[in-house]
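One structure is given below, encoded as structure tokens.
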Amino acid sequence: MQDYHNFIAEILIDEQSIQTRIKELGEEISRDYKTKNLLLICILRGGIVFLVDLMRHITVPTQLDFMAVSSYGAGARQSGGSVRLSLDLKTDIRNKDVLLVEDIVDSGNTIAYVLEFLQTRQPRSLKVCTLLDKEERRETPVPIHYRGFSIPNKFVFGYGLDLDEYYRNLPFIAVVDLKKYQPPA
Amino acid sequence: MQDYREFIDEVLVDEKTIANRVAELGEQISHDYADQELLVVCLLRGGLTFTADLTRHFTIPHTLDCMSLSSYGVGNYASSGNVRVNLDLMTNIEGLNVLLVEDIVDSGRTLAHVLQMLKTREPKSLKVCVLLDKKYRREVPVEVDYVGFDVPDRYVFGYGIDVDEHYRHLPFIASADMKKLKKAP
């Protein structure tokens with residue numbers, strides 16, 4: 001595997017800024033859900049690191065559940081529309097206050113589909129918390145209630161976001177210099 | 001939801017001790033797999049927090065995948081030992097170094113079963129890292145390669161481990177006084 005120092009263009013958000021912002025988000029969510037019945041839903045796998053850190057700052061009673069989705073058709077990044085649910089929720093979300101936790105909202109196609117699908121199960125409320133929002137790429141409108149950072153349309157990695165499945169464990173979010181990056185064999 | 005302070009028996013492992021031990025394990029695993037690549041398999045849902053924190057300390061190239069399992073039969077304790085795979089790996093593990101990361105090993109039945117299943121896929125190596133080892137409950141011999149802490153045979157929660165899906169966010173590992181729990185898990 002290539003050392004990321006060889007292809008990193010810049011650090012977009014450093015470790016300290018991420019952690020400070022997550023603490024703020026956790027406090028905001030704790031205030032907003034004080035009298036509610038919060039269920040956090042993590043969409044695997046990118047959202048894991050963000051979720052684990054966010055959860056530590058949420059002081060209201062919280063349940064946790066997971067979903068795994070994949071797209072029909074070729075290439076996860078070229079998602080056309082239909083989404084395949086590889087892992088459904090264990091929890092019945094009817095009358096629950098559901099907060100979907102995502103690492104990044106890009107085209108918005110997948111998350112819009114997931115929201116529509118979850119809405120049919122009649123939760124009491126359904127909101128979205130994303131660490132990163134790449135608004136420029138949006139194809140389907142998505143209501144975002146909690147946003148860590150708005151970012152430009154650049155190829156990012158680190159802090160849960162992978163590059164060909166690697167580098168998820170880096171504590172910062174960085175931009176890839178695609179001219180220098182060599183995908184693993 | 002009941003306040004955990006009403007039923008907590010004692011804090012078995014505090015936040016600082018967990019963080020130090022997780023860092024040590026991360027360093028040890030990085031050392032053991034030096035110059036090799038590793039696929040980290042997180043067993044949902046309990047293993048999530050541990051996996052996220054452990055991999056932050058990895059200095060080796062690694063990828064991440066998740067599995068979700070449940071037992072057939074009524075309740076966790078009346079299990080036949082057969083395991084149902086709710087979410088299988090996305091990765092083909094043939095020829096890979098695989099490290100299974102789990103929150104707790106108890107009877108060892110689930111773990112033994114999943115190890116047996118994964119071995120049929122012919123990984124290059126297959127090891128296990130658990131945060132907590134409840135050795136006294138072991139019914140099936142299982143080789144655990146990395147252990148965070150040995151814990152006594154008590155009902156534990158916190159740091160990813162739930163009581164009825166709650167309290168996973170607590171930064172420490174505590175034991176519950178079952179008599180004070182309003183709804184026994």
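For residues in segment B:85-131 being outside any helix (DSSP H, G or I) and small (Gly, Ala, Ser), which is surrounded by the fewest Cβ atoms within 10 Å (Cβ to Cβ)?
To start, the set of residues in segment B:85-131 that are outside any helix (DSSP H, G or I) comprises B:85-108, B:120-131.
With the extra rule that they be small (Gly, Ala, Ser), the set shrinks to B:95, B:107-108, B:125.
On the way: B:GLY95: 10, B:SER107: 17, B:GLY108: 21, B:SER125: 13.
Among those residues, the one meeting the criterion is B:GLY95.
Which condition does A:GLU116 not pass, out of (1) within 21 Å of A:LEU39 (Cα to Cα); (2) within 14 Å of another protein chain (Cβ to nearest Cβ); (3) of a type outside the set (Gly, Ala, Ser); (4) without any contact (Cβ under 8 Å) to a residue 24 or more places away in the chain, if it passes all the others?
(2)
Which ones in segment B:41-71 are within 7 Å of another protein chain (Cβ to nearest Cβ), touching a residue at least 40 places away in the same chain (Cβ under 8 Å), hydrophobic (A, V, I, L, M, F, W, C) and farther than 21 Å from B:LYS16 by Cβ?
Within segment B:41-71, B:LEU44 is the sole residue that qualifies.
Taking segment B:150-185, which residues are within 14 Å of the chain's Cα centre (by Cα) and either exposed (fewer than 15 other Cβ atoms within 10 Å of the Cβ) or without any contact (Cβ under 8 Å) to a residue 12 or more places away in the chain (or both)?
Across segment B:150-185, the qualifying residue is only B:ASP150.
Is it the case, given these coordinates, that B:ARG5 is assigned to a helix (DSSP H, G or I), surrounded by fewer than 14 Cβ atoms within 10 Å (Cβ to Cβ) and within 14 Å of chain A (Cβ to nearest Cβ)?
Numbers: assigned to a helix (DSSP H, G or I): yes; surrounded by fewer than 14 Cβ atoms within 10 Å (Cβ to Cβ): yes; within 14 Å of chain A (Cβ to nearest Cβ): yes.
Criteria met by B:ARG5.
Please work out which one of (1) out of contact with any Gly (no Cβ under 9 Å at 6 or more places or on another chain); (2) more than 14 Å from chain A (Cβ to nearest Cβ); (3) of a type outside the set (Phe, Trp, Tyr) is the condition B:VAL140 fails and give its number.
(1)
Let me spell it out: the conditions are (1) more than 13 Å from chain A (Cβ to nearest Cβ); (2) assigned to a loop (DSSP other than H, G, I, E, B), and B:PRO171 meets all of them except one. Which number is the exception?
(1)
Would you mind stating whether B:VAL22 is more than 10 Å from chain A (Cβ to nearest Cβ) and assigned to a strand (DSSP E or B)?
no
Have a look at B:GLU10, B:GLU94 and point out the one that is of a type outside the set (A, V, I, L, M), touching a Ser or Thr at 6+ places or on another chain (Cβ under 8 Å) and more than 13 Å from chain A (Cβ to nearest Cβ). Show your work before the answer.
Values: B:GLU94 fails: touching a Ser or Thr at 6+ places or on another chain (Cβ under 8 Å).
Testing whether each residue is of a type outside the set (A, V, I, L, M), touching a Ser or Thr at 6+ places or on another chain (Cβ under 8 Å) and more than 13 Å from chain A (Cβ to nearest Cβ) leaves just B:GLU10.
With B:THR63, B:THR17 as the choices, which residue is out of contact with any His (no Cβ under 8 Å at 6 or more places or on another chain) and either among the aromatic types (Phe, Trp, Tyr) or closer than 22 Å to B:VAL156 by Cβ (or both)? Show your work before the answer.
Details: B:THR63 fails: either among the aromatic types (Phe, Trp, Tyr) or closer than 22 Å to B:VAL156 by Cβ (or both).
Of B:THR63, B:THR17, the one residue that is out of contact with any His (no Cβ under 8 Å at 6 or more places or on another chain) and either among the aromatic types (Phe, Trp, Tyr) or closer than 22 Å to B:VAL156 by Cβ (or both) is B:THR17.
Restricting attention to segment A:27-44, which residues are of a type outside the set (Val, Ile, Thr), more than 20 Å from A:GLN122 (Cα to Cα) and crowded, with 21+ Cβ neighbours inside 10 Å?
Of everything in segment A:27-44, just one residue is of a type outside the set (Val, Ile, Thr), more than 20 Å from A:GLN122 (Cα to Cα) and crowded, with 21+ Cβ neighbours inside 10 Å, namely A:LEU44.
Got a sec? Which of A:TYR159, A:TYR167 is within 14 Å of chain B (Cβ to nearest Cβ), over 19 Å from A:CYS42 (Cβ atoms) and modelled with pLDDT of 90 or more? Show your work before the answer.
Details: A:TYR159 fails: over 19 Å from A:CYS42 (Cβ atoms).
Only one candidate passes the filter, namely A:TYR167.
Only one of (1) loosely packed, with under 14 Cβ neighbours inside 10 Å; (2) not in a strand (DSSP E or B) fails for B:GLU10. Which number is that?
So the condition that B:GLU10 fails would be (2).
Would you confirm, using the coordinates I've provided, whether A:ARG94 is away from chain B (no Cβ under 14 Å) and more than 26 Å from A:PRO152 (Cβ to Cβ)? Can you show your working first?
Details: away from chain B (no Cβ under 14 Å): yes; more than 26 Å from A:PRO152 (Cβ to Cβ): yes.
Here the answer is yes, as A:ARG94 does meet what is asked.
Filter segment A:21-33 down to residues that are closer than 23 Å to A:ASP92 by Cβ and not hydroxyl-bearing (Ser, Thr, Tyr) and give me whichever is farthest from the other protein chains (Cβ to nearest Cβ).
Of the residues in segment A:21-33, the ones closer than 23 Å to A:ASP92 by Cβ are A:29, A:32-33.
Now restrict to residues that are not hydroxyl-bearing (Ser, Thr, Tyr): A:29, A:32.
Details: A:ILE29: 12, A:ASP32: 16 Å.
Per the criteria, the residue is A:ASP32.
The values are calculated or read from the model by the stated rules, or taken from the named source; none is laboratory data. Since the model is a prediction, treat every value here as computed from it, not as a measurement. Positions of Cβ are backbone-derived with ideal geometry, glycine not excepted, and every protein chain shown enters the neighbour counts.
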